[in-house]
Every structure is written in structure tokens, then in C-alpha cells.
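Colleague: Next up is a structure, given as C-alpha cells.
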Amino acid sequence: MTELTQSVRMERDGEIAVITVDNPPVNALSFHVRQGILDGMNAAAADPEIEAVVLICAGRTFIAGADITEFSKPPQPPSLQGAQDAMENCTKPVVAAIHGTALGGGLEVAMCAHFRVASPSAKFGLPEVKLGLLPGAGGTQRLPRVTGVAKALEMMTSGDPIGSGEALDCGLVDEVAPADGADALLATAVGFARRVLAEHRPLTRIRDRDDKLAVDPSVFSDFRQKIAHRTRGFLAPEYNIRCIEAAATLPFEEGIAVERKLFGEVMSGTQSKAQQYYFFAEREAAKIPDVPKDTPLLPVAKVGVLGGGTMGGGIAMNFANVGIPVTIVERDEESLQRGLGVIRKNYERSASRGSISSDDVGRRMALISGSVDKGDFHDCDLLIEAVFEDLELKKSVFAEFDAIAKPGAILASNTSALDVNAIAAATSRPESVIGTHFFSPANVMKLLEVVRGERTSHQVIASTMAVAKQINKIAVLVGVCHGFVGNRMLFMRRIEADKMLLEGATPAQIDKVIYDFGFPMGPYAMMDLAGLDIGWKAETSSSSNVREILCESGRRGQKNGRGFYTYDPDTRAATPDPEVEELIRQFGARQGVAPRTVSDQEILERCLYPMVNEGAKILDEGIAIRASDIDVVWINGYGWPVYTGGPMFWADTIGLAEVAAKINENHATLGGEHWKISPLLQRLADEGSTFQKLGARR
Ligand code: 3HC
Ligand code: NAI
């Protein structure tokens, strides 16, 4: 065995050289990997006893891409292209043996081998678009040559990987090993190489192929139209498409030149910086400074959910989706049947769209049992309460949980704003109590705010974070305060938006500014969707704000076709309603506010800067561990556009001095506690620093 570099070695299996990349955790293409592959290829080419080469990886995956941590540093030779050229131009067969995930630069390396074999569970993708980039190592020119233009468009603009079956069908791999595992893969790759030698198969370079490139130019315009909605605001998808157009219309080397030029443009833009930042932010969020990584986890084999309404039903689905049995307990048989019916309907809708099979519907429903007796929770490892948002009710429910749940069970509340410490105090085991704040629809939204109480144990925190990952959520650990991280910041946006309504902005104008910034919808469309009457009671309503006035005049939101907008009963299309504008104008007049023209820029700053300010207060209080956690909350819970990095990263890119100056100015002119500047934000602004540099606060 020869150690080529610290992370690449070469062994012989008779006439076959086996080059192994071993660069944990994901075999990213760090400079010593590039150097090792180059040296290994050169050595194999020069050795007369070697007849073929297998490139394989140790550990959990094939090369998962460029080393993203190197992007912010000066380039270090050798370039990846050197290693790729050595593979592609080798006169001896080169076989890439792929397991895990061949992603980005990893797949680009594999496409420079003459052949590819794979483990059955292997995945293949060019996810650069998710980092605001395009594949910069020839992938844009090689992938369409292998898979055809249509599939390359889909793969490169979504960034989603395909499995080995699909890869075999479209020609991306030549053979799939009979089973997963390193031994089976290596044996298949070596056997494949020997067959190539025995059969004297030609060594085709992907770059020389053009048999799948001929397409009608309308393919591109149709595709642009098809993805316009889903990729709104993002630059990278369009850049990827342009590269594929180049592949379809230009010789390989000219296509590579287009790829290089466009790669340089996206790489130097703010969107890719934000998206790369987000990649690491999401992974940081899983790390809790005071909870050791090796904290023993509580097993969660059975879950109980109290309340099968909007949230409880969705929460239960998350567990059934991954094979964990759930018991839903409702207050009466009728509510229970209604809740179970909604779950079944949701699954059936997914099946009719093809995202799950009809067998899956049956399998998942079989994992969900219903009851009206909380005693059925006695053998559950995790109980989640999703009853009405009422502190006294939640306290009494937790006292019951305490009496019923087995020792060591995790007792969780889905409250969206209430005091988790007060809820925990209703039990004799506050160390077992935690908040699990799901977002609506709970079976769809990726975010889970995990709320640690003062006494929540490390084991309960670690186990809840692990369960969240198991049900495919992105969990962010936060502390107790009204509204936690997400809703507490949302309240600030709402205060200013409502004030601007009275000053003369319309709901449609405010919504458009927020939509154009990149959110899926503005605050008023969002309130209409959620229902204006959440928490509203006719008996106590006193026309004290616009929402109350709308509820009093029978406007409940989308549910009855009338809210801040009027909704078409068939298409659900929203139209601004003069009646609403008149109600707002009259209310403003009663409040003594003179209407004026409010500019879009003012709307943007007054909606978003108080959120940044509140985020800084949240950080200072230790409610969030790090600024990037706040960004992860807002991107996954509320649709803040990831290409701006989230509120805190966005503020960094504007410059904290500028943001702080505007906040101070607004505090002086508009007043209000939410404009009082966070001392932390002021300090960072004075120091010329950023939230990013701040690091973890706990
Ligand atoms: N560069 C540097 N570090 C990386 C990395 C990369 N490409 N991919 C993953 N990591 C790190 C993560 O930050 C994490 O570090 P941590 O343990 O310190 O937090 C560790 O590897 C493990 O990652 P995950 O927690 O994500 O592990 P999973 O097993 O859940 O997922 C994965 C593995 C599917 C490979 C996932 O990490 C992933 O999607 N990685 C990114 C893949 C990618 O985007 N590749 C393209 C890169 S850009 C490129 O190649 C440009 C080229 O065209 C020139
Ligand atoms: P919901 O009204 O749709 O459902 C509540 C369910 O709890 C009802 O089906 C009701 O019958 C049941 N219930 C009430 N008391 C009960 C009891 N004592 N025993 C058994 N079942 C009981 O309410 P929703 O929207 O699901 O909210 C539930 C919780 O989730 C609240 O705390 C809310 O703040 C929180 N939440 C709601 C979000 C939303 O967007 N709807 C988002 C995030 C959290």
C-alpha cells in the first residue's frame, strides 16, 4: 500500500490499482484529496504492471463535493481539473466505485472516469444550486451528455439527487453491485474493470459524446416557465440553465468556458455567500454547547399526542411517516374521528399526487391509533400536548401527564408562545418537560423550535433534538420567552406593519414589498390564511385594532372568503377590497393619524429592522444560542428567503452601523419599545463587527 497523501492511498489487486480516498467526514475534495488522486493516476499510468484503475472512497460516502470551507480561502493547488484530466485522458480503464452520495465535485470527478459502478443505495446529484452556485468542474457540460438535457435541467436546478436505479436507467452508472457494503462494491468494481479489459471495451470520454444533446430550443423556455414560481428570486437556477444551453449548442471546450465564466459570477455574488453560510448554519444549529455530544439518548419507540386538531394531526403524521407508532387522544369521540379523518384525507391527497403509494396510506394509518382516554399514554416514551393555547388548560394537562406517563418519558408542549417553565412547574418532573413548537402545517414545515425550560435535563434536550432529526425536522434549540424566537420577532413586524396601515399603506402594498423581498407571502395574506379570528372573542372585541374591526364586520380570512382581501370562491385568488381600505381609513382617522404616502423602502425597513433588533435582544438574553440559529428559524419557519441568509446575516450584509442608525432614528421619530436599540446591536455596530463574528452565546 502507498500513502499518496494524508487522505489518499493506493493498493494493488493484481493488475488493478485501487485508489482510495479517505477524508472524513464526507471525503470532500480538499487539496490533499486532489493531490492524491492526481498522484495516484500518474503513478498508475506510468506503471506497466497496472492495467486498470478503480477509484473508491472509505467511510460513509463517495466524494460529497468540493470542500466548502475552502471557498472563502485563496485557491490552493493542485486544481481539481488536473486530477480530472489525469482520469479522463488515462489510456487505461478508470472505474469510479460509488457508495453514499456522489455530489457536486464528487459526481464531476466520477464523470471523468470511463465507467461508474455503484452500491444499490448510492445517490448522485449536482446540488451546487442549493449553495447558490453551479457545478464548476465540468459537470454542467458532462451531465447533459450522459443523461440528456431534460434530466440534467431537472437535476441541476433542483439540486436533488437521484438513486442508483434511475442512474442506471439514464446511463450515469454502468453497473450496480448486488448488495450494499464496501466489499461488494470493491469486488463489483474490480470485476467490472477486468471485464472491460477482457472485452477490450473502448474507453469513451463523456466529453466526446453528443448523442443526447440535440433538443428543440423550446425545451429551455418551457423549462424556465415551469420552474419560475419555485425558483423566484434565486439567481443560480437560471445560471445553471444557461450552462446546459451552452452544452447543447457549443463544442465541449467552449461550453466549459461558459461554465467557468458563469461560475465566477455566481461565486462572487451575495446569494451564494448567503446560501453557503446557511449550509453551515443549519448544521451548527444541531450543536448545543453545554449538552455533550455523547449524552445518552432516551429511546422513543412510541409517541402520544394530546389533541388531534390542526397541529396535533400533523404532528402525529410526522411520526407515522417514519414508522413510529402514535396514539392520539382527543376530548371526545366526535373530535377524535374528525381529527383522524383529516389525517387520512391528507395521506390520500399525497397518494393521489403520487408522492406516497396507496400502501403507504394504509401502513401509516395503521401506526396511528385513537382514543379518548389519556390512560392510553401510559407506555409512551414521548407525549406531545397540542390542545388549545390556554395556560391553565396546559397546566392541568401536564399534571395529568405527570400522573400517567412512565418514568423517564419526555413531556412536550406544542405551545406557540406560553411559558414552558410554568407548564413544567405543574408536574413533579420539570426536568422531563420541554417545548416542541411545530409550525403549521406540522407535517410539512421543516422547522421545529425546541424550547428548553430552566430545569429541562440535558438528556431530554439531546433526545428531543435527535427525535426531531429522525422525523426530518430542522431543530433549533431556544429558551423560554413570549413567542420564543420566531413569533417574538414576528410580533415586531406586525406592530410596524399595522401602524403603516393607518399611515396610508394598504395591505396589498405591504404584502407586495414583503413578497418581492422573497417571502412566500406578506403579513396580511398570511393572517388571512391562518384565520383572523384565532384568539378573537366577539364578547371582548372592542374595535381596538384593524384585525378586531375586520372580525367584527364578519371578515374571518380565507376560511369565509373575506379578510384583508376578498377571495374568489373557486380559485381562491385574492383581490384588494375597497371596503377594508375604508375601514382602515376610518380607524386611522379615529386614532388621529393623518394618511400619507408610505414608500416601499420605508415599508421594508420598518417591517424588517425591528425584527433584527429583536433578534439581537434575543441573542443578548441567551434565548437563541447563536445568530445563525435565528436565521435557521426564519428561513425554515416563515420562508425568509435563504438567498439573503436570514434576518441576522442580511443585517450583516447591509452593515450593522447602517441598520443601527436607522433603528435609532426610528426610535426618535416613531417611538416604541421595539425601536429601542439592543445594546448588543449597538456595540457590534460601534465596533464595525457582525452577528456572524459573535459565535455561540451560551
Ligand atoms: N465541504 C465541507 N464540509 C462538508 C461538506 C463539504 N462539501 N459536506 C458536508 N460537510 C461537513 C458538514 O459541515 C458536517 O460537518 P460537522 O459535522 O462539523 O457539522 C459534516 O461534513 C457532516 O455533514 P452532514 O451533517 O450534512 O452529514 P449527513 O450525513 O447528514 O449528509 C451529505 C452528508 C449528504 C454529504 C451532506 O453533508 C451534503 O449535502 N453536503 C454538501 C454536498 C454539496 O453541496 N456538494 C457540492 C459542493 S459544491 C461543489 O462541489 C462545487 C464544485 O462544482 C466545484
Ligand atoms: P385546534 O383548535 O385546531 O386543535 C386543538 C385540539 O385540541 C382540538 O381538536 C380539541 O378538541 C383538542 N382538545 C382541547 N382540549 C383538549 C383536552 N383537554 N383533551 C384532549 N383534547 C383536547 O388548535 P391548533 O391550531 O392545533 O393548536 C394547538 C396548539 O398548537 C396550541 O397551543 C397552538 O398555540 C399551537 N400552535 C398552533 C399553530 C397553528 O398555526 N395553528 C402553530 C404552532 C403552534
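The values are calculated or read from the model by the stated rules, or taken from the named source; none is laboratory data. Keep in mind that what you see is a predicted model, and the values were worked out from it rather than measured. Backbone-built Cβ (ideal geometry, glycine too); neighbour counts: all protein chains shown. For the accessible areas, the whole protein counts, side chains as well, though only heavy atoms, and no ligand, DNA or RNA atoms are used. Shrake-Rupley method; radii C 1.70, N 1.55, O 1.52, S 1.80 Å.
Colleague: Identify, please: which residue in segment 76-102 is of a type in the set (Val, Ile, Thr) and open to solvent by 10 Å² or more (accessible area, probe 1.4 Å) and is, among those, nearest to ligand 2 (Cβ to nearest atom)?
Modeller: Restricting to residues being of a type in the set (Val, Ile, Thr) and open to solvent by 10 Å² or more (accessible area, probe 1.4 Å), the top hit is Thr101.
Colleague: Also: Yes or no: segment 313-321 includes at least one residue that is open to solvent by 30 Å² or more (accessible area, probe 1.4 Å) and more than 23 Å from Lys559 (Cβ to Cβ).
Modeller: Yes, because at least one residue in segment 313-321 is open to solvent by 30 Å² or more (accessible area, probe 1.4 Å) and more than 23 Å from Lys559 (Cβ to Cβ).
Colleague: Something else now. Residues that are among the aromatic types (Phe, Trp, Tyr) and modelled with pLDDT of 95 or more: which helices (runs of 4 or more DSSP H) entirely in segment 493-557 hold 1 or more of them?
Modeller: 507-517, 523-530
Colleague: OK, next. Got a number for residues in segment 212-237 being in contact (Cβ under 8 Å) with a residue 40 or more places away in the chain and of a type in the set (Asp, Glu)?
Modeller: 0
Colleague: Here is a further query. For segment 391-423, name all the residues that are open to solvent by less than 10 Å² (accessible area, probe 1.4 Å) and within 12 Å of ligand 2 (Cβ to nearest atom).
Modeller: Lys394, Val397, Phe398, Phe401, Ala412, Ser413, Thr415, Val420, Ile423, listed by residue number.
Colleague: For segment 434-476, which positions are in a strand (DSSP E or B) and in contact with a Leu (Cβ under 9 Å, 6 or more places away or on another chain)?
Modeller: Ile434, Gly435, Thr436, His437, Phe438, Glu449, Val450, Val451, Arg452, Ile474, Ala475, Val476
Colleague: Got at least one residue in segment 57-66 being without any contact (Cβ under 8 Å) to a residue 60 or more places away in the chain, surrounded by fewer than 24 Cβ atoms within 10 Å (Cβ to Cβ) and on the phi > 0 side of the Ramachandran plot?
Modeller: yes
Colleague: Tally up the residues in segment 388-410 that are of a type in the set (A, V, I, L, M, F, W, C) and not in a helix (DSSP H, G or I), please.
Modeller: Number satisfying all stated conditions: 4.
Colleague: From Gly125, Gly105, grab the single residue that is near ligand 1 (Cβ under 10 Å from one of its atoms), closer than 17 Å to Ile256 by Cα and either surrounded by 24 or more Cβ atoms within 10 Å (Cβ to Cβ) or not hydrophobic (A, V, I, L, M, F, W, C) (or both).
Modeller: Result: Gly105 is the single residue among Gly125, Gly105 that is near ligand 1 (Cβ under 10 Å from one of its atoms), closer than 17 Å to Ile256 by Cα and either surrounded by 24 or more Cβ atoms within 10 Å (Cβ to Cβ) or not hydrophobic (A, V, I, L, M, F, W, C) (or both).
Colleague: Right, something else. Could you pull out the residue among Ala28, Ala17, Ala44 that is of a type in the set (A, V, I, L, M), at pLDDT 95 or above, surrounded by 21 or more Cβ atoms within 10 Å (Cβ to Cβ) and within 14 Å of ligand 1 (Cβ to nearest atom)?
Modeller: Sole residue among the options that is of a type in the set (A, V, I, L, M), at pLDDT 95 or above, surrounded by 21 or more Cβ atoms within 10 Å (Cβ to Cβ) and within 14 Å of ligand 1 (Cβ to nearest atom): Ala28.
Colleague: Same structure, new question: Taking the conditions exactly as written (touching a residue at least 12 places away in the same chain (Cβ under 8 Å), among the small types (Gly, Ala, Ser) and open to solvent by less than 30 Å² (accessible area, probe 1.4 Å)), does Ala150 satisfy them or not?
Modeller: Answer is no for this residue.
Colleague: So which of Pro25, Pro48 ends up being more than 16 Å from ligand 2 (Cβ to nearest atom), in a loop (DSSP other than H, G, I, E, B) and without any contact (Cβ under 8 Å) to a residue 12 or more places away in the chain?
Modeller: Pro48
Colleague: What is the one condition in (1) buried (at least 23 other Cβ atoms within 10 Å of the Cβ); (2) without any contact (Cβ under 8 Å) to a residue 40 or more places away in the chain that Asn240 does not satisfy?
Modeller: (2)
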